[in-house]
Amino acid sequence: MNSQRHIELILGMFMLAGIIAITFLSVRLGNIDVFTSDEYQLIAKFTSASGLKPGASVEIAGVRVGHIQSITFDSNDYLAVVNLALNNEVKVPDDTIASIRTAGIIGDKFLKLSAGGSDIYLENGEEILETEPSINLEELISKYIFESDS
């Protein structure tokens, strides 16, 4: 009987360790901030956020400095409102340009920030005023085809 309890105890400890490991991996891989957040939020409004998805990276000079938290529609201005989460170490000047870009020819969309030269930095919750939507290749091709016909 004592030996069976010993086996059950070891098995229980093994199961507990497995559950803790799976929970830890889920939190780390899911980019979930459980205890603290070392990020701040900015907003950027675009005429089109086509192809951009929550979780997409935000880059400055080709380096990932944050991610897209959410994308919503502003029915008053008919604009896509993109909420960014940036690392606290990254300071964004108020004359920064946010543009939606494609990684590679057929790659995923990401948000590129081109820092300006201002000495004034955006604070948590403020808006990036200068934005450029992504280039829609279908529109460019159809425009070229229909203009060449006439």
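Using only Cα atoms, find the angle between the long axis of helix 2-29 and the longest principal axis of the chain, and express it within 0 to 90 degrees, rounded to the nearest 10. The two axes meet at around 10 degrees.
Residues Leu129, Leu113, Leu122 in ascending order of nearby Cβ atoms (within 10 Å, fewest first): Leu129, Leu122, Leu113.
Applying both filters, DSSP loop and at most 13 other Cβ atoms within 10 Å, to the GluC sites (Glu not before Pro) of segment 89-142 gives Glu89, Glu123. Normalised radius of gyration (Cα atoms, divided by 2.2 N^0.38 Å) for segment 75-149: 1.42. When the label point is put 7 Å from the Cα of Ile145 along its Cα-to-beta-carbon vector, which residues of segment 90-123 have a backbone N closer than 20 Å? Answer for segment 90-123: 106.
Each peptide in 45-53, 68-76 gets a packing score, the mean of other Cβ atoms within 10 Å over its residues, and the list from highest to lowest is 45-53, 68-76.
How big is the shadow of the Cα convex hull of the chain, averaged over all directions, in nm²? Working shown, then result.
Values: hull surface 61.6 nm².
For the chain, averaging the hull's shadow over all directions gives 15.4 nm².
Arranged from fewest to most other beta-carbon atoms within 10 Å of their beta carbon, Ile141, Ile97 become Ile141, Ile97. Got a sec? Which residues in segment 104-135 would a label at Val81 touch, if it sits 7 Å along Cα→Cβ and we count backbone N under 13 Å? Residues passing the 13 Å test: 125-128. Rg then Dmax, both in Å and based on the Cα atoms of segment 31-104: 12.7, 36.
Throughout, read-outs are computed from the coordinates displayed, never taken from laboratory work. Predicted model, so just to flag it, every value in this text is computed and none were measured. Cβ sites come from the backbone with ideal geometry, for glycine too, and all protein chains shown count toward neighbours.
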